[in-house]
Every structure is written in structure tokens, then in C-alpha cells.
Amino acid sequence: MLDEKVAKLLNTQINKEFYSAYLYLSFSNYFTQQGLDGFANWYSVQAQEERDHALLFMKYMQNNDAVVTLEAVEQPIGKFADYASVLSASLEHERYVTGLINNIYDAAHTVKDYRTVQFLDWFVKEQGEEEKNAGDLVRKMELYGSDPKALYMLDSELAARTYAAPTLTL
């Protein structure tokens, strides 16, 4: 049986992960409209990851006999000043999600719910990767985003990203 506070935080995280998927779909849509299909692909794959994260949290709660409550997904931002602002928003969002995961981890550890702590270990590592990837994109855009040839090469690089479902054992 999950601690009530931990269960509530896990349930909130499910809904935050679905919001993250919507947010990244809005980023993908923006880049499609800008003719940057590689960036659009990168964020489309990112949206798939976030959706699967939500489902992993959901399954974990179900496996622990906790009630899952799905809420309305907030409308994500859809207008952006420029390419760099989207990438910066992505990095800030990943930092926000890291904070959410850390809060759940802290709450689970406080009540000695080590099974949930162990479950969250994968997400802690994942968030490190997410922040690094988002930060790398920001840096690359800062370095050569104003050069059309370099932007084309970066877009081509991002087009090669494919989706691989997480292999987390529940």
C-alpha cells in the first residue's frame, strides 16, 4: 500500500507527464510550420517518451493498488518568439520535471517506501539525460543556429532520432 502523500504525488506526476507530451507536441508542430522537420521529429519522439513515462507511473500505481485519477491536460504554449526560445523552454521544463521527481523521491524516502524509491531511480537517471539533451540543443543553437547551413545540418541530425520505448521493470 502506498503512502497517501506519495500516491498523490505519483498521480500528479502522471498528469504532468501527459502535459509534457502535449507541450512537446506543440513544439513539434511549431517546427513543422517553420519547415524544420528534423526538430519536429525530435520533439515528436520526445512527446512519445513523455507519454510512456505517464503510463509507467500509472502502471506502477495500479500494481500497488493505488487509485489513478486522470485530470484534464492543460493547453500548452503554442506561440514562440524564435527557435531558440522553444529550446530554452524545453530545458526549463525538464528542470521543472526533475524537481517534481525529486519531490516524489524525497517523500517516498521520508516514509521509507524503498520500493517507490527504487522505481524512481530510473526516472532520476532519465531526467539527467533529458536535461543534458535539452541543454545540448540550446548550446548548439547558440553556437551556430544563425548560420543557415549549420541549422540545416542540425535539423538533419535531429531527423535521425528514433523512438525506443523504455525498458523499466515494474
| query | Using 7 Å Cα-to-Cβ label points, what is the ALA72/MET1 separation (nm, one decimal)? | reply | 3.4 nm
| note | Binned at 5 Å from zero, the C-alpha pair distances of the chain give percents of 1, 9, 17, 21, 17, 13, 9, 7, 4, 2, 0, 0
| message | Show me, for the stretch 114-123, the HN-Hα J-couplings you get by feeding each phi into the Karplus relation (A = 6.51, B = -1.76, C = 1.60, θ = phi - 60°), rounded to Hz, glycine and proline as x. | response | 6, 5, 5, 4, 4, 4, 6, 3, 4, 5
| said: I need the trypsin sites (Lys or Arg not before Pro) found in the stretch 75-139, filtered to DSSP loop residues with at most 14 other beta carbons within 10 Å of theirs. | reply: LYS79, LYS112
| Whole-Å semi-axes of the ellipsoid equivalent to the stretch 38-120 (Cα gyration tensor, √5λ, descending) | 29, 15, 12
| note | Within the stretch 16-90, DSSP-loop GluC sites (Glu not before Pro) with at most 13 other C-beta atoms within 10 Å are GLU71, GLU74
| task | Report, in degrees rounded to the nearest 10, the 0 to 90 angle that the Cα long axis of helix 37-63 makes with the longest principal axis of the chain. | result | 0 degrees
| remark: What helix-only [θ] at 222 nm does the chain give? Using -39500 (n - 2.57) per DSSP H run of at least 4, over all residues, to the nearest 500, the answer is -27000 deg cm²/dmol
| Local charge sum around PHE18 (other residues, Cβ-Cβ under 9 Å, Lys/Arg +1, Asp/Glu -1)? | -1
| remark: Both in Å, the radius of gyration and Dmax of the C-alpha trace of the stretch 32-80 are 15.2, 46
| When ligands, DNA and RNA are left out and all protein chains stay put, how many square angstrom of accessible area per residue does the chain have with a 1.4 Å probe? | 55 Å²
| task | Find how many whole Å separate the alpha carbon centroid of the stretch 94-127 from the alpha carbon centroid of the stretch 1-48. | result | 18 Å
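The values are calculated or read from the model by the stated rules, or taken from the named source; none is laboratory data. Fair warning: this is a prediction, and the values are worked out from it, not measured in the lab. As a convention, Cβ positions derive from the backbone with ideal geometry for all residues, glycine included, and neighbour counts pool all protein chains shown. Each accessible area value is taken on the protein alone, full model and side chains, heavy atoms only, with ligands, DNA and RNA left out. Shrake-Rupley method; radii C 1.70, N 1.55, O 1.52, S 1.80 Å.
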